[in-house]
Amino acid sequence: MKRPKKAKDILTSIPNFKYCSHPLEAQFFEKVEEPEICDCCRKGTSIIYLGPFYSEETIETLCPKCIASGKAAEKFQGEFVDFETLTESISDHHKKELCLRTPSYTGLQQEYWPDHCDDFCEFIAYVGWKDIIEMGIENSIEFTSKSEPYSTYKDIVNGSSCQGYLFRCLSCKKYILHVDCD
C-alpha cells in the first residue's frame, strides 16, 4: 500500500465509538511516528485506520475523526461494515451508526458484526480460546450462529487460521464470540 506524503499532525486523539470503546487497543487504528494526510479531511493525523472500508475508490489513510463524524463514508460513498451482512430486525439508526461511523475489525473472511438485545454488540478484542480462559469467561460465552464450524475450542487461536472475535452486548453485557476460519 502506498502511503501519502507526511504532514503536520492535526489529530492526536480518538473520538468515542459506540460499538468499540477502545479502538486503539482493539487494533483498529495504529499510531504512526510521522503524521499522514487523511484522504477525507486532508489534515495530518498520527492515528490511522487499519480496517476494511468498502468503497469504489481506493482509500489509503483515514483519521478517526472522519470515521466518527460519518464524513469518510459520505465523501467516498463507502461503509466500514457491509449492510448486507446485518440482521434485518435491527433499526436503521443502529445500522447507520455501525456501518457509516464505526471502524471495523479485519476478518479472515467477510466481517460479521453480531447483535444482541436489539442493538449491535461492542467489539472487545481479537481472541483465541486461551485468551477466553485467561479472562475467565469460557462458561459465559455465546457463539454467533454465523461462526465457522471448528472441531474443538482449542482450534480457536489468536492470529491463526481459526480466529475468534470477542464482542459484548451493550445492554445485558453478555459476551458473544464470533469465529472465522480461512
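The values are calculated or read from the model by the stated rules, or taken from the named source; none is laboratory data. What you are looking at is a predicted structure, and each value in this text was computed from that prediction instead of being measured. Neighbour counts are summed over all protein chains in view; Cβ atoms, including those assigned to glycine, are modelled from backbone coordinates with ideal geometry. These area figures cover heavy atoms from the full protein model, side chains too; ligands, DNA and RNA do not enter into them. Shrake-Rupley method; radii C 1.70, N 1.55, O 1.52, S 1.80 Å.
A Cβ distance below 8 Å, combined with a sequence gap of six or more or placement on separate chains, defines the contacts here; from region 74-91, residues that are within 14 Å of Asp115 (Cβ to Cβ) reach residues that are in a loop (DSSP other than H, G, I, E, B) and open to solvent by 100 Å² or more (accessible area, probe 1.4 Å) in the pairs Ser89/Asp118; Ile90/Asp118; Ser91/Asp118. Cys162 meets each of the listed conditions (1) without any contact (Cβ under 8 Å) to a residue 24 or more places away in the chain; (2) buried (at least 19 other Cβ atoms within 10 Å of the Cβ); (3) over 24 Å from Leu50 (Cα atoms) apart from (3). Thr12 falls short on exactly one of the conditions (1) more than 15 Å from the chain's Cα centre (by Cα); (2) modelled with pLDDT of 95 or more, and that condition is (2). When you go through (1) in contact with a strand residue (DSSP E or B) (Cβ under 7 Å, 6 or more places away or on another chain); (2) buried (at least 17 other Cβ atoms within 10 Å of the Cβ); (3) not in a helix (DSSP H, G or I) one by one for Glu111, which number turns out not to apply? Every condition holds for Glu111 apart from (1).
Output the residues belonging to region 87-96 that are under 21 Å from Gly51 (Cβ atoms) and either assigned to a loop (DSSP other than H, G, I, E, B) or open to solvent by 100 Å² or more (accessible area, probe 1.4 Å) (or both). If the condition is that a residue be under 21 Å from Gly51 (Cβ atoms) and either assigned to a loop (DSSP other than H, G, I, E, B) or open to solvent by 100 Å² or more (accessible area, probe 1.4 Å) (or both), then Thr87, Ile90, Lys96 are the ones that fit. Scanning region 69-81 for residues that are assigned to a helix (DSSP H, G or I) and buried (at least 19 other Cβ atoms within 10 Å of the Cβ) yields a count of 2.
Scanning region 114-136 for residues that are touching a residue at least 40 places away in the same chain (Cβ under 8 Å), surrounded by fewer than 20 Cβ atoms within 10 Å (Cβ to Cβ) and either within 21 Å of Ala72 (Cα to Cα) or of a type in the set (Gly, Ala, Ser) (or both) gives a single hit, Ala125. Take Glu84 and decide whether it is more than 12 Å from the chain's Cα centre (by Cα) and either among the basic types (Lys, Arg) or not in a loop (DSSP other than H, G, I, E, B) (or both). Yes.
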